[in-house]
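To keep things clear, I will list the structure first and then write my remarks on it.
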Amino acid sequence: MKKIMAIVAIGATVLASCGKSEKQIALEKQQAIAAYQDSIKLDSFKRAAAEEQQRKVEEQHQAELAAARRSAAASARSYRSSNTVTTSSAGVTSTQAQKKGWSDAAKGTVIGAGVGALGGVLIDKNNARGAIIGGLAGAGAGYAIGRAEDRKSGRVQPKQ
């Protein structure tokens, strides 16, 4: 029994000497906490920098939109008064000729009416009725598509 107790005592001593002291464990915990806090700070700095960059981009975009609106308003006023449009924004003056010819809405209406009438003749047994219905439907669709293109090109003021 004495031999067994001696072996257990020696084993416990060996195990105790191999383990870390409480001071070492506390020091490692503090180092782990400090590393975690540093990584959180770094992440928050990166996030703040990204948000600041996004805010600057948004402000620039809003400024460009405001300048475009002012330019469009000035252009609309000049458009009514003469055939030549002079736009001045932020000290820059540019002159552009007024668009002439058919608008996209007019072209779309004519093309849509023609295609619709042809389709109506081919589909309906009564050629006259089919041509009228198809022409009206095609003209309406063509006008809507052409008007949207006019808004995109700046010929017509966009909806607000």
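No value in this document is a laboratory result; all are computed from the given coordinates. Quick caveat, the model's predicted, so the values are computed rather than measured. In this analysis, Cβ positions are derived from the backbone assuming ideal geometry, glycine residues included, and neighbour counts consider all displayed protein chains.
Things to note:
- Judged by the mean number of other Cβ atoms found within 10 Å, the most tightly packed of the peptides 31-44, 103-116, 143-156 leads the ranking 103-116, 143-156, 31-44.
- Dipole in debye (nearest 20) - the stretch 109-160, about Cα centre, beta carbon charges: Lys, Arg +1; Asp, Glu -1: 180 debye
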